[in-house]
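Below you'll find the structure, written out as structure tokens, and then a few comments.
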Amino acid sequence: MDRILSNYESLQELWDWSLDNIKDAKMKARIRGVQSHMLQFEFYYGLTLGECLLRHADYLSATLQRKEMSAAEGKAIAMKTVKTLTKMRSEDSFCLFWNNVNKQAQKSSVEQPKLPRKRKVPARFEDGDAEAEFVSTVESHYRQIYYAAIDHMTCAITDRYDSQDFHTYLQSEQLLLKCVKGSTYETEFQTVTNFYGDDFHPKDLNSQLQALSANFESEKEKEDVTLSDIVKYFESTSIRNWLSEVSKLLQLVLIMPATNATSERSFSSLRRIKTYLRSTMTQNRLNNLMTLHVHRDYVDKLELQDIASEFIKRGQRITIFGKFESVTNE
């Protein structure tokens, strides 16, 4: 959207040039349709409003896609975004936005704003005998669109974090974090044990949480401990056997991540890896390539010289490739 707004005049010149040089009738009809839309103020207003609001949503999305993002941190960032959007829902913010859109629209040779044609509401949607009301000014009409767009985005964000499933996950995560930080966790403990029922033994879980709180060790300060630090502490088999109930809770938290960006990213990368020209790729090779692509942060840290040497040592490859030696620039 930002690129379209930045090159609005250039695109309009492109449409004029295309209509003079393109001979295909269907293509010319499509170009005329796009050109007519771009000359309308309603299109320009919606494009500018969408770019303004979705920029905040893009910042939020990029932050939530971090693999180490916890549920509590994600909710806090989301509420900050909601607060930002709510602050934009004011008369002063709209007037500033409205004046800016009109100024930019004139520079881009867009038509003047006008009220839409009055249309009566269908009878099946009518409620009562009152006459239909219509806005009297152009500014009032676009003010409604401005407020409705902000309300729709804020509701979409808040609804995502107000669900019961997310609340239960948040309480499970907070139970572990508060335990290692030495804070009280009675509310979280009751929520988790009531939700999972017989999956946990409440007395055993409570005792093991006390043991974890007393013995947890980390290089960070207690207030800076994250869920990743707790996972690292449980890498030892003896710790997992000793704190079996807490380990079970940690496993439940890990299989219900606060963000599903990693799994979604793997689906979006599938088309880039297995193209139509690679239709004969086997499932085993596809799985390996997908793993390398999704976890490329770890792959980039591998030593290529060690991998090449290991490849040559296997089988009779050394007779073909010889001994691998790194090339250094003197």
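Rounded if a/c is under 1.5, else prolate if a/b beats b/c, else oblate: with a ≥ b ≥ c from the C-alpha gyration tensor eigenvalues square-rooted, which is the chain? If you can, show how the numbers build up before the last one.
Details: a/c = 2.72, a/b = 1.37, b/c = 1.99.
Oblate, since a/c reaches 1.5 and b/c is not below a/b.
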*Largest-first ordering by accessible area, 1.4 Å probe, given options Glu188, Glu91*: Glu91, Glu188
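I need to check one value: relative contact order of the chain, counting alpha carbon pairs closer than 8 Å and at least 6 residues apart, in percent. Don't jump to the answer; show the numbers that get you there.
Values: 194 pairs, mean separation 52.4, N = 330.
Relative contact order for the chain comes out at 16 percent.
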*So which aspartates and glutamates can Lys114 reach, going by Cα to Cα under 15 Å and dropping same-chain residues fewer than 8 places off?*
Glu42, Glu139
*Would you mind getting me the FRET efficiency between Leu11 and Ala123? Use the beta-carbon distance for r and R0 = 41 Å, nearest 0.05.*
0.45
_Connecting C-alpha atoms closer than 10 Å in a GNM of the chain, tell me which of Arg278, Arg66, Arg55 has the biggest fluctuation._
Arg278
*Work out the charge dipole of the chain with +1 on the Cβ of Lys and Arg and -1 on the Cβ of Asp and Glu about the Cα centre, then indicate which of Ile31, Val225, Leu286 is farthest towards its positive end.*
Ile31
*Any idea which of Ile157, Leu175, Ile145 is furthest toward the positive side of the dipole for the stretch 137-180, if Lys and Arg beta-carbons carry +1 and Asp and Glu beta-carbons -1?*
Leu175
*asked:* Only Cα pairs within less than 10 Å get springs; with that Gaussian network setup on the chain, which residue of Gln251, Gln208, Gln283 has the largest fluctuation?
replied: Gln283
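About the Cα centre of the stretch 133-177, what is the dipole size in debye to 20, counting +1 per Lys and Arg Cβ and -1 per Asp and Glu Cβ, all else neutral? The partial results should precede the final answer.
Numbers: 2 positive and 7 negative charges, 21 e Å.
So the magnitude is around 100 debye.
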_What are the ³J(HN,Hα) couplings of the stretch 186-195, residue after residue, when phi is run through the Karplus curve with 6.51, -1.76, 1.60 and θ = phi - 60°? Round to Hz, x for glycine and proline._
5, 5, 5, 5, 5, 5, 5, 5, 5, 6
_Proximal lysine pairs, the stretch 188-253, alpha carbons under 19 Å, eight or more residues apart or interchain_ = 4
*Rounded if a/c is under 1.5, else prolate if a/b beats b/c, else oblate: with a ≥ b ≥ c from the C-alpha gyration tensor eigenvalues square-rooted, which is the stretch 1-130?*
oblate
_Using a 7 Å offset from Cα along Cα-Cβ at Ser163, what residues in the stretch 72-88 end up with backbone N under 20 Å from the label point?_
72-82
*Difference of contour (0.36 nm per residue) and Cα-Cα distance, Lys23 to Leu54*: 7.4 nm
*the chain: angle of helix 304-313 to the longest principal axis, Cα-based, in degrees nearest 10*: 60 degrees
*All lysines inside 20 Å of Lys83 as judged from Cα atoms, apart from same-chain residues fewer than 8 positions distant*: Lys75
*asked:* With +1 on the Cβ of every Lys and Arg and -1 on the Cβ of every Asp and Glu, and nothing else charged, how large is the dipole of the chain about its Cα centre, in debye rounded to the nearest 20?
replied: 1460 debye
*When the chain is modelled as a GNM with alpha-carbon springs shorter than 10 Å, which of Arg285, Arg89, Arg160 fluctuates the most?*
Arg285
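The values are calculated or read from the model by the stated rules, or taken from the named source; none is laboratory data. The model shown is predicted, which means the values in this text are computed figures rather than measured ones. Please note: Cβ atoms are built from the backbone with ideal geometry, for glycine as well, and neighbour counts cover all protein chains shown. What goes into the accessible areas is simple: the full protein's heavy atoms, side chains included, and nothing from ligands, DNA or RNA. Shrake-Rupley method; radii C 1.70, N 1.55, O 1.52, S 1.80 Å.
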